[in-house]
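Working notes, beginning with the structure itself.
Nothing in this text is a laboratory measurement; each read-out follows from the coordinates by a stated rule. Since we're looking at a predicted model, the values are computed, not measured. Every residue, glycine among them, receives a Cβ derived from its backbone with ideal geometry; neighbour counts consider all protein chains shown.
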Amino acid sequence: MKKFPDFFTSAANRVASPPDNAMQGYVFEGRDDVQIVFWQCAEGGEQPPQVHDFWEYALVVEGTFDGLVDGKPVHLEAGDECVIPPGTRHSGRYSKGYRAIDAFSAKRVSRATGLK
């Protein structure tokens, strides 16, 4: 599995509570609380059902994602993207070697504290 570059996967940018313990995330924020999160997971895993009150944009870089968005099946491969409107229930499973970039229109995650 390829990995995102070391210069932005530093502990200072690590997501405190990823959707799955096997997932690693690294967050960057705009001045208006928009967040971009780079996710990577060597083992694969599962995103539990969730709903939030902001937009989500997902772009798969490597691997696959199979899930449900508003009750409809979604299959994403490298290069595929998905837009999830506010209030939409979504969940799914991601493959081994999964990497993706998500953008959120509001603050979605927090950085892990006490890391440099």
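At a glance:
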{"read-out": "³J(HN,Hα) computed for each position of the range 58-69 - Karplus, 6.51 cos²θ - 1.76 cosθ + 1.60, integer Hz, glycine/proline x", "value": "10, 10, 7, 9, 8, x, 9, 10, 10, x, 10, 10"}
{"read-out": "Amide H within-cut-off set for Phe54, under 5 Å, with H built and near neighbours excluded", "value": "Gly87"}
{"read-out": "Student exercise, the range 6-104 dipole from Lys, Arg, Asp, Glu Cβ charges, in Debye to nearest 20", "value": "160"}
{"read-out": "Inter-label distance for Met1 and Ser110, nm, one decimal - labels placed 7 Å from Cα along Cα-to-Cβ", "value": "2.6"}
{"read-out": "Burial ordering of His52, His90, fewest other beta-carbon atoms within 10 Å first", "value": "His52, His90"}
{"read-out": "Cα gyration tensor of the chain - equivalent ellipsoid semi-axes, whole Å, descending", "value": "21, 18, 12"}
{"read-out": "Built amide H within the under 5 Å cut-off of Tyr98, gap 5+", "value": "Cys41, Gly44"}
{"read-out": "Relative exposure of Thr88, Thr113, judged by other C-beta atoms within 10 Å (fewest first)", "value": "Thr113, Thr88"}
{"read-out": "Simple spin-label estimate for Ala22 and Thr88 in nanometres, 7 Å along Cα-Cβ", "value": "2.6"}
{"read-out": "Potential extension, Glu77-Ala11 segment - 0.36 nm per residue separation minus Cα distance", "value": "21.0 nm"}
{"read-out": "Cross-link reach list, aspartates and glutamates versus Lys96, counting only Cα pairs under 18 Å and skipping chain neighbours closer than eight places", "value": "Asp20, Glu43, Glu46, Glu62, Asp66, Glu77, Asp80"}
